[in-house]
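The values are calculated or read from the model by the stated rules, or taken from the named source; none is laboratory data. Since the structure is predicted, the reported quantities are computational estimates derived from the model, not experimental observations. Don't worry about glycine lacking a Cβ; one is built from the backbone with ideal geometry, like all the others, and counts go over all protein chains shown. Calculation scope for accessible area: heavy atoms of the full protein, side chains included, ligands and nucleic acids excluded. Shrake-Rupley method; radii C 1.70, N 1.55, O 1.52, S 1.80 Å.
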Amino acid sequence: MSDSFFKDIPEFLETRVNESLEARSKSLSQFKELGPADHVHTTKVGSRNPSKEVGTYHFVSGIDASSSASLAAYLNTLSYSLDKSQQWFTKSQTWSISHSVYCCYNAFSRLDVRVEAKVPGGVDTYAIDENGRKHKMDVRMWVETYMSSILRSLLYSDELYSRFTGHRKFNPIPNPDSELRFFEAFEELFPLGHMLGSSPEIRIPTNVNNHLVRGFFIYVRQNCRFSAALNSLEKLHINSPEVSVLLAQLYLYMDHEVHAVRVLHEALQKQRMSADLLVVQARFLVSKERYDLALTSAKRAVHASPSEFLPWICLAEVYLHLEDFDSALLALNSCPMYTYYERDVYPIPPPAKAHLPLPVGFPKEELEGENANGRTGSVDMVDPYLARLPSPSLRGTFARVYEVLTLICSKIGWDELLRIRSSVFVMEEEYRSLNNSGKPNPDEKEDPTTEEPSVKQRNDNESHLDKPEAIMTSSTQNLSVHNKRLCERWLDNLFMVLYEDLRVFTIWRAEYTHFRSQGLVYRKSPMEWEILGEVAFRLHHRVEAVEAFCACLENMFSFKAWKTMLIICAEDNNIELVLTAIAKLTLSNYRWYQEYSPFLLEHIKNRIMQDGALKMKSILASTRLDPYILNLIHKLYFEWAIVFQIPGHEL
């Protein structure tokens, strides 16, 4: 039945017809935020035996979901992709689509919108709820469905988990006309944005902190659509004063700092205890290296919203800049930590067969053997200790705190970090001796914002893992035990996670130096080099990270390695390596049916604005890249820059 597959579209063959649709329907009640990728199901019949049906499916993002007509149009294109030249099972059998379904989740109404096309017959459109009941679609529901689809593309396209096979990704806003529809839908749905959820660092979504606003700013920055965004926000500001914080952020993105400061000042006169405004103000002051003033704003933000994560992490970062590492650790210890919820997916029975064709004309030697995870290596070639490092699994607030902890360590070193840790937190031996002596609980402690009234310790912190064995230190206690705090278990665990990363890095560098001194070659498998590069990058050792990633890429294609190399080379303003990394990542994405990447578009936009498109084309032409790759870059990026008139596209 392989001749039933599309010739250039990924597909999975069902063991039982419609089993993937049934699995999606059963999981609707489990979706918590924006929902899963769009699901496309086709039922095909053979020419020799019309009663014999097969079911196939694939996933897609970025298709215009503003009407039943646009989704039906996508279903109609599938019939042109049936590969009638492949006849793997029989030499005379041909297949046609008798029934197709496009599923798109409406995250506002919590309904799964379905467009069914039957041949012969017509198109049927409806939405189903978690109980399987059908609902009629109206104009407002189509606006919600359209925006839900776009937000999934903007927010999730670049996440590694979404690089699963069989997922086609298109640009959800390919031209100015669709952009106008996007801004109109944003204005209409803005009051409902809090219903969608928010980033993992937000406890309670609000009108200005939610996925709708996140997606809005990602698009605005990606396409430099500042004037249109300003127009939308100013209209919303008339009836929603809290939009002031979004206006201030937009002005800062536009480098209109005077306007941003004016908006912040006027808004804070009316909303003196707005943590959102105060955090934006503190970060702006940090960017101007006015850490003393930033500290005041960060402390006020903490007292305005003591149960939110962002004010506390902002305070910790300000203390970091002030090199007040004791207070930085205390602020981190006070951060409220939230449970991280994985993206909305649903289990589907294993397919009977997978069809993952190469794009037409694809230079497969460029990515020989690569899988959808972006690697060509084998897990068996990795030291089990490296493969089990805990830091890559950190998510949400835990990952953010760990990043600050690594910054502190990079500035003062591990030994000094342990000394400070023991000076501000009660060590395990002290805690045991304190309990044995029957003395008061040392958790009665001062707030790190000592100039303000103390904040009551929160009881709703959500913590991970059993408490690890305490790290032994020999440092002298600078404070009495009664003035110390108990270290939260999750922070105690992050110290151990940091220790594991540092241990790997230290052993690697010591071995490498020894081998060099003996004139020997230091050997690791490509995947081990990739892991070592990630460790070095997490610990802010950029030179060593580049060294490891280059060693990895000499023998293996690695999406992770190229992506991190792009970040490092962009910071170093190395345009040749930036363009090479973009080319490699683009080719990998395209192999796995991804034509849209907000991450890559952002980097391309930055280079076009800084260097001009003509210089970039000249550098690319001088490389040894396959002409297929050069044409792909021109199609996906330079034509996009012309359509949206990105500054520098004509230079």
Please specify each residue of the stretch 142-167 satisfying the condition of being modelled with pLDDT of 95 or more and over 24 Å from Ser199 (Cα atoms).
-> Trp142
Give the number of residues within the stretch 206-228 that are of a type outside the set (Lys, Arg), open to solvent by 30 Å² or more (accessible area, probe 1.4 Å) and assigned to a helix (DSSP H, G or I).
-> 4
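Within the stretch 500-537, how many residues turn out to be of a type in the set (Lys, Arg) and closer than 13 Å to Leu386 by Cβ? Before the answer, list the steps.
From the stretch 500-537, those of a type in the set (Lys, Arg) are 503, 509, 516, 523-524; that's our starting set.
With the extra rule that they be closer than 13 Å to Leu386 by Cβ, the set shrinks to 503, 524.
Counting residues in the stretch 500-537 that are of a type in the set (Lys, Arg) and closer than 13 Å to Leu386 by Cβ gives 2.
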Within the stretch 490-520, considering residues that are open to solvent by 40 Å² or more (accessible area, probe 1.4 Å), polar (S, T, N, Q) and in a helix (DSSP H, G or I), the one farthest from Leu329 (Cα to Cα) | Ser517
Search the stretch 521-538 for residues being crowded, with 21+ Cβ neighbours inside 10 Å and among the aliphatic types (A, V, I, L, M), and hand back the single one that is nearest to Ile568 (Cα to Cα).
-> Ala536
Over the stretch 265-286, the set of residues closer than 17 Å to Leu310 by Cα and open to solvent by less than 80 Å² (accessible area, probe 1.4 Å) is Ser274, Ala275, Asp276, Leu277, Leu278, Val279, Val280, Gln281, Ala282, Phe284, Leu285, Val286
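Listed here are the residues, each with its yes/no results for (1) in a helix (DSSP H, G or I); (2) free of Cβ contacts under 8 Å to residues at least 24 places away in the same chain; (3) small (Gly, Ala, Ser).
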| position | (1), (2), (3) |
| --- | --- |
| Val535 | yes, no, no |
| Glu544 | yes, no, no |
| Glu547 | yes, yes, no |
| Ala551 | yes, no, yes |
| Met556 | no, no, no |
| Trp562 | yes, no, no |
| Thr580 | yes, no, no |
| Lys584 | yes, no, no |
| Tyr590 | yes, no, no |
Any idea how many residues of the stretch 268-297 are in a helix (DSSP H, G or I) and either in contact with a strand residue (DSSP E or B) (Cβ under 6 Å, 6 or more places away or on another chain) or over 20 Å from Asn210 (Cα atoms) (or both)?
-> 15
Looking at (1) buried (at least 19 other Cβ atoms within 10 Å of the Cβ); (2) over 24 Å from the mean Cα position of the chain (by Cα), find the lone condition where Leu566 falls short.
-> (2)
Within the stretch 37-82, restricting to residues that are charged (D, E, K, R) and open to solvent by 10 Å² or more (accessible area, probe 1.4 Å), the one that is farthest from Val345 (Cα to Cα) is Arg48
Please tell me if Tyr319 is buried (at least 19 other Cβ atoms within 10 Å of the Cβ), farther than 30 Å from Thr339 by Cα and of a type in the set (Ser, Thr, Tyr).
-> no
From the list Ile63, Ile150, which one is of a type outside the set (Gly, Ala, Ser), in contact with a Pro (Cβ under 9 Å, 6 or more places away or on another chain) and in a loop (DSSP other than H, G, I, E, B)?
-> Ile63
When you go through Ile633, Ile582 one by one, which is the residue that is under 21 Å from the mean Cα position of the chain (by Cα) and over 23 Å from Ala228 (Cα atoms)?
-> Ile582
